[in-house]
Structure formats: C-alpha cells, structure tokens
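To start, the structure under review is shown below, and the notes come after it.
The values are calculated or read from the model by the stated rules, or taken from the named source; none is laboratory data. Every value quoted in this text rests on a predicted model; they were computed, and no experiment measured them. Virtual Cβ from ideal backbone geometry, glycine too; neighbours counted across all protein chains shown. The protein model used for the area step is the full one, side chains on, heavy atoms only, and it has no ligands, DNA or RNA in it. Shrake-Rupley method; radii C 1.70, N 1.55, O 1.52, S 1.80 Å.
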Amino acid sequence: MRFLLDAEQRAFAASLDAMLTSADTPSAVRAWARGDHGPGRALWSRLADAGVFALAVPEAYEGVGPLPVELAVAFIELGRHAVPGPVVETVAAAALLSELGELGASGPAKRLLPGLASGESVATLAPADGYALDADAATVLLVVDGDGLRLAPGHDPVRASVDRARRLARPEAGGELLAAGPQVTRAASRALAWARLATAAQALGVGLALLDRTVAYVKQRTQFGVPVGSFQAVKHRLADAMIALEFARPLLFGAALSMAPADVAAAKATAGEAAYTTARTALQLHGAIGYTAEYDLSLWFTKARALRTAWGTPAECRAEALAGLSGARPRS
C-alpha cells in the first residue's frame, strides 16, 4: 500500500524545511546543550506560529487537531533539522490532556492546552520514577504516577544524555494533583501512542538528514584520486541505509492513519533502527571527522542514538507490535 501526501501536506513540509533551513538550528542545538534556551525558544515560537503544536490539540482547546498525519509530516522536518527541546513531550502532554478532556476531566485541558497550542507554554511529561526531558526549559512539568496526573513543582539537577541537547532531570515529589483514577491510565496510553508516532517521525527525519549529508560528503572526499562515493562498498552501505529509511516511511504514515498502538510501535521500532543504522553508516563513511563534536554531523548522530530508545526500546516496541498481530497483550 502506498501513502502519498497531498499538495497541502507537501507544501506544509516545504514551508517548515525553508523556515528551519534559515534558522541555523545547529547553533540553537549547541546553545540548548549549554543551558542557553534563548535561541531554542525563539525557534519554538516560530514552530508554534506555523501551527506545529496545535496539530495535537483539539479545536475545542484552541488547536486544529488532532491531525496525526500532519504531525508526522512536521516532525520529519523537525528531525531533519535536529530541532532541540521537548517537542515530542509537548505533543504527548497535549494528547494526554485532550483525552482527559474527552473523559470528563476538562479542567486541566482547558487550563493548559491553549498555551501548548500557541507555543506560550513548553511542556514535558515524565513517568513515575522516570526522568523528564528538558525540565529546566519547560513551563509545565507533568508526571504520571500511582496517584494520577500531577503538576510537579520542580526537578533535581539536570543530567546530560548521550545527546547533549537532551537534558534529563527527575521531577520532585508533590505538586498539584490534576486528575486521578482509571481515566489517567487510559489518557497515558493515548499519550504514549502520540509520543511514539512523533519520535518515529523525528527519527526518520534524522536518518534522512544523515543520509543526505553523507552522500554529499562522499562525493567530495577523494581517495586514490577519485571520490570515495564511486567505490562499490560505499554505494552498498548508502543503498542499505536508504532502503531502511524508505521502508520506515510507509509504516510511519500507516500508523498515523490508524493510530493503533501496535502500528505505532512497529513504526517507532522501524524508524528508530533505520535512523541508527544510517547514523553508523554516516559515521564510518565520514571517517575521523565524524567523531568530532565540532562537526555538525555529531548533532544528528547522537540524536539518532537517543531517539532509538526514547518512549520505548526497539525490543519493547517490537513486542507490542507482535502482540497486536497475535491479539495478545505484551508482557509488562
């Protein structure tokens, strides 16, 4: 089955690509890694003005969604340009709050969703006893634990992940309880599906950027008087990477159409592995320069590694996908 974007969706992707190309995202990523959120927040505002965060927010709460296909389109571009910040976590928070609104807990949704849609608020979402991404930059820190959904009062010192622009912190205990009961569990499941979809799209974009950069590099780098891209072994590695990424693309859009947890898990595992495989190929074909933090390739390489396990490891996602095919539930 083929999934083709319509003219409006392609124009949306092109507009985001043009905006992010002119925004010098590598500089914003490096500033974010240092704890300087200014350039990243400016970029966040531009994305919000383009309607990116409103895609996960229903119209009843000043959004334009939910539009998962358009969200996947947008997050491919965010990954292609290595946009920093808790973009996936804001989408997950929006999905969780939207579901709570549908289940009758409209108070938190009315209070928080308009700010997420407009970009005025930056949200991050953490599981119980887990880490929150970019809690130091977020204005809304949500935690799902045994008590329900709560608004955390703060966080512990920030820790770096394998991707220096992904800053982790453990939320503090206490805070305001926003909702409790089985409805929070159901809402959290919906949030997980949206988070995995956005992560899969972001990973696909990261992989595509790595492939494009590597193809351009092997055309310029020479050995024995010829471009290394003319070597058969190099062509094979790049072809394998391209096939893996293009195989992930229809799974991503198929999952966006169905939003079935098993479909989303399959897309997340496939896109994450494809991006990681492409990152390893890019690193090898760039040679020693690919290992240097000063070279922009490192921004995408480390992000591919981090996204591979974010919101579910490949093994966890494959288990859920297989369970969906068999009708069984994955083991906890």
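Working from the Cα coordinates of the chain, the gyration tensor eigenvalues give, after taking √(5λ), semi-axes of 33, 22, 19 Å in decreasing order.
Within the shell of other residues whose beta carbon sits under 13 angstrom from the beta carbon of A269, the net charge comes to 0, with Lys and Arg scored +1 and Asp and Glu -1. Each Cα pair under 8 Å and six or more residues apart adds its separation to the average, and for the chain the resulting relative contact order is 16 percent.
Taking every full run of DSSP H in the chain, the ones that stretch at least 24 Å from end to end by Cα along their long axis and average 0.5 or higher on the Kyte-Doolittle scale are 232-258. Per residue, the chain exposes 44 Å² of solvent-accessible protein surface, assessed with a 1.4 angstrom probe and all protein chains in place. Counting only residues at least eight positions apart within a chain, or on another chain, the lysines with an alpha carbon under 18 Å from that of K235 are K219. For F224 and D17, a Förster radius of 30 Å and the Cβ-Cβ distance give a FRET efficiency of 0.25, rounded to the nearest 0.05. Ligands, DNA and RNA aside, K219 has an accessible area near 140 Å² when probed at 1.4 Å. Helical runs (DSSP H, four residues minimum) scored at -39500 (n - 2.57) apiece and divided by the length of the chain put the mean residue ellipticity at 222 nm at -20000 deg cm²/dmol. Could you check the spin-label model distance between A31 and T292? Points 7 Å from the Cα along Cα→Cβ, value in nm. Result: 2.4 nm between the two label points.
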